[in-house]
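Before any comments, here is the structure.
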Amino acid sequence: MSAIRLLNELESLGVTLHVQDGNLKVKAAKGAISPELLQQMKQHKPALLSLLRLRQGRDYPQSFNQAQLWFLDRLEPKNP
């Protein structure tokens with residue numbers, strides 16, 4: 001399993017991961033992470049840390065269509 005797949009799998013289970021002081025922090029309900037998933041997390045820890053660092057604070061630019069929709073919403077709010 002790739003690190004991206006693992007991250008998606010964990011998110012689908014309600015598990016949240018974040019980087020704090022260079023360490024991987026995990027928040028999950030008790031029993032949400034199976035021993036197999038835990039082993040995968042250990043195996044892919046460096047890649048998970050890299051992916052999470054890339055995600056942090058990244059703002060994605062609007063597409064042209066998103067900008068148009070935003071403008072129309074400002075012009076006439078709540079107009080379907």
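The values are calculated or read from the model by the stated rules, or taken from the named source; none is laboratory data. None of the values given here were measured: they were computed from a predicted structure. Every residue, glycine as well, gets a Cβ built from its backbone with ideal geometry; the counts of neighbours run over all protein chains shown. Just the protein is used for accessible areas: all its heavy atoms, side chains included, with ligands, DNA and RNA removed. Shrake-Rupley method; radii C 1.70, N 1.55, O 1.52, S 1.80 Å.
Counting charges near W70 (Lys, Arg +1; Asp, Glu -1) among other residues having Cβ under 14 Å from its Cβ returns a value of 0. Protein-only accessible surface at a 1.4 angstrom probe places the residues L38, L69 in the order L69, L38, largest first. Okay, helix-only estimate at 222 nm for the chain: each DSSP H run of n ≥ 4 adds -39500 (n - 2.57), divide by all residues, round to 500 deg cm²/dmol; what do you get? That calculation yields -15500 deg cm²/dmol at 222 nm.
Can you list the trypsin sites (Lys or Arg not before Pro) in the chain that are in a DSSP coil and have 10 or fewer other beta carbons within 10 angstrom?
Details: sites: R5, K25, K27, K30, K42, R53, R55, R58, R74, K78; in loops: K30, R58, K78.
Here the trypsin sites (Lys or Arg not before Pro) that fit, given the DSSP loop and packing criteria, are K30, R58, K78.
Shown for the chain: lysine pairs separated by 8 or more places, or found on different chains, whose C-alpha atoms are under 21 Å apart, numbering 6.
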